[in-house]
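Taken together, the values in this text are just the output of simple stated rules run on the coordinates, not laboratory data. The structure presented is a predicted model; accordingly, all values stated were derived computationally and were not measured. Here the Cβ is made from the backbone with ideal geometry for all residues, glycine too, and neighbour counts use every protein chain on show.
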Amino acid sequence: MKKRTRGDALALFAAVKQKSMEKYESFAQIVLDFKGENIDTRVVKLRVYELFKGHEDLILRFNTFVTTEYEIKLPSDHDNDESRRLEIKDALSFLKKVKDTFLGKNRKKYAEFLKLMKDFKACRIDTSGVAERVKDLFKGHTDLILGFNNFLPKTYGNTLRPQLDTG
């Protein structure tokens with residue numbers, strides 16, 4: 001497990017607060033109960049699972065703060081299908097396609113995309129935020145939008161369906 005910083009924790013709290021103030025307050029109470037040694041890690045996991053149910057992005061972020069033993073397992077939803085299995089070579093191939101597309105006069109867009117991916121990895125932006133920003137960043141490049149769709153959880157896949165030009 002990678003050592004998480006105070007900034008990472010604050011980013012998680014901000015993401016929870018953005019979803020719902022009620023969830024934020026409940027999550028803060030869970031953390032306070034844990035810090036006060038009123039509950040153990042197992043109870044934290046159970047409460048967070050119930051609280052974040054339906055919010056896969058929050059669960060994935062939460063999982064970065066706990067050991068593998070206490071990670072919240074998400075339903076597979078057939079994600080192991082051959083059609084859905086992605087490998088590093090797929091990510092590298094997509095990254096090259098983005099770079100090639102924006103190599104000339106739009107080099108700034110490529111840099112923005114890399115920064116966005118870095119922010120996502122550092123939990124400074126959630127999955128829905130990434131989906132929206134990529135949709136804007138890749139506007140006019142349907143192939144890139146659909147390509148990026150492959151790397152999103154299925155629940156976010158529809159977020160990036162490209163708008164068809166009507167005229």
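Descriptive notes on the structure:
- Greater than 29 Å apart at Cα, pairs in Lys19/Lys108; Lys17/Lys73; Lys97/Lys121; Lys53/Lys108: Lys19/Lys108; Lys53/Lys108
- Applying the Karplus relation 6.51 cos²θ - 1.76 cosθ + 1.60 with θ = phi - 60° to the range 68-73 yields 3J(HN,Hα) values of 3, 4, 9, 5, 7, 7 Hz, where x marks Gly and Pro.
- Overall shape of the range 88-160 was characterised from the C-alpha gyration tensor. The equivalent ellipsoid obtained from it has semi-axes of 18, 14, 12 Å, in decreasing order.
- Distance between modelled label sites at Ile88 and Tyr70, nm, 7 Å Cα→Cβ extension: 3.0 nm
- For the pair Lys121 and Leu32 in one chain, pulling the backbone fully straight at 0.36 nm per residue adds 29.5 nm over the alpha carbon distance.
- For the range 6-70, a simple Cβ point-charge model (Lys and Arg +1, Asp and Glu -1, everything else neutral) yields a dipole of about 120 debye relative to the Cα centre.
- The range 6-70, relative contact order [Cα under 8 Å, separation at least 6], %: 29 percent
- Given +1 at the Cβ of Lys and Arg, -1 at the Cβ of Asp and Glu and no other charges, the dipole of the range 88-160 around its Cα centre is 300 debye to the nearest 20.
- Annotation note: GluC sites (Glu not before Pro) in the range 1-76 located in DSSP loop regions with a Cβ neighbour count of at most 13 within 10 Å are Glu37.
- Difference of contour (0.36 nm per residue) and Cα-Cα distance, Thr41 to Lys96: 15.7 nm
- Here, the range 1-66 is characterised by an Rg to Rh ratio of 0.92, where Rg is the alpha-carbon radius of gyration and Rh the Kirkwood radius.
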